[in-house]
Amino acid sequence: MVLFQMDGRTLDGKVESTAGGVGRNLADCLSRLELNPFFVSNVGSQEHAQALFSKMGHMDTSGVKIVPDARTATCIVVLDHGGECLFVIGDMDVHNSLSPEQVEAQRSIMSAAPLVVIDGNIPLKSLDRIFHLCAENRVPDHKVCRIVVLWYTKGH
């Protein structure tokens, strides 16, 4: 059964826009729980970034870098009539600009953090830098828990 023809025609549907991203969603939830996460990410300089910032007023976004001439990560999820995902189109290239140097600039914050949560859609060199910073700054007192949660959806 063919639900639609992919022949260039415009199909009737509904469009919604929400703030998302695995890392952003986790930081949002932790902020709402008043746990004060420090969110590090990169966004483009166009209207999608401004819309995203407008929905993050309750969060510390000082670790979010605006990358000129980049597009803010965006995805389009196409659902069927029952709400099941048919496919997703994602533009995540801006994450490739999150450099080991940008990670290193957050050394003092990361070294004091009891929890580091990572969205794995950043360059492997940046992931490696995060892992090394976490390992270097182990707190000998094991009352503080250091955990790395990795969400990885594609290879870099």
- Item | Any chance V15 is of a type in the set (V, I, T) and surrounded by 10 or more Cβ atoms within 10 Å (Cβ to Cβ) | no
- Count of residues meeting criterion [surrounded by 14 or more Cβ atoms within 10 Å (Cβ to Cβ) and under 25 Å from L79 (Cβ atoms)] in the range 20-33: 7
- Message: I need the full set of residues from the range 52-76 which are open to solvent by 30 Å² or more (accessible area, probe 1.4 Å) and under 22 Å from I109 (Cα atoms), in order please.
- Response: F53, G57, H58, D60, T61, S62, K65, I66
- So S126, is it within 16 Å of I66 (Cα to Cα), free of Cβ contacts under 8 Å to residues at least 60 places away in the same chain and within 16 Å of the chain's Cα centre (by Cα): no
- Query: T72 is checked against (1) part of a strand (DSSP E or B); (2) among the hydroxyl-bearing types (S, T, Y); (3) within 14 Å of the chain's Cα centre (by Cα) and fails just one. What number does that condition carry?
  - Reply: (1)
- Which of the residues that make up the range 34-51 are farther than 19 Å from I118 by Cβ and either in a helix (DSSP H, G or I) or open to solvent by 50 Å² or more (accessible area, probe 1.4 Å) (or both)? E34, S45, E47, H48, A49, Q50, A51
- Picking from L79, L86, which residue would you name as being surrounded by fewer than 11 Cβ atoms within 10 Å (Cβ to Cβ), over 14 Å from the mean Cα position of the chain (by Cα) and closer than 16 Å to E16 by Cβ? L86
- Query: Among the listed residues K65, K14, which satisfies the condition of being over 22 Å from L115 (Cα atoms) and out of contact with any Gly (no Cβ under 7 Å at 6 or more places or on another chain)?
  - Reply: K14
- Query: Which of the residues spanning the range 111-156 are modelled with pLDDT of 75 or more, among the basic types (K, R) and open to solvent by 80 Å² or more (accessible area, probe 1.4 Å)?
  - Reply: K125
- Message: Looking at the range 55-69, can you tell me whether even one residue there is touching a residue at least 40 places away in the same chain (Cβ under 8 Å), among the hydrophobic types (A, V, I, L, M, F, W, C) and in a loop (DSSP other than H, G, I, E, B)?
- Response: no
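The values are calculated or read from the model by the stated rules, or taken from the named source; none is laboratory data. Note that the coordinates shown come from a computational prediction; the quantities given were computed from them, not determined experimentally. Ideal geometry is used to build each Cβ from the backbone, glycine not excepted, and the neighbour counts take in all protein chains shown. Areas reflect the complete protein model, heavy atoms only, side chains present, ligands, DNA and RNA absent. Shrake-Rupley method; radii C 1.70, N 1.55, O 1.52, S 1.80 Å.
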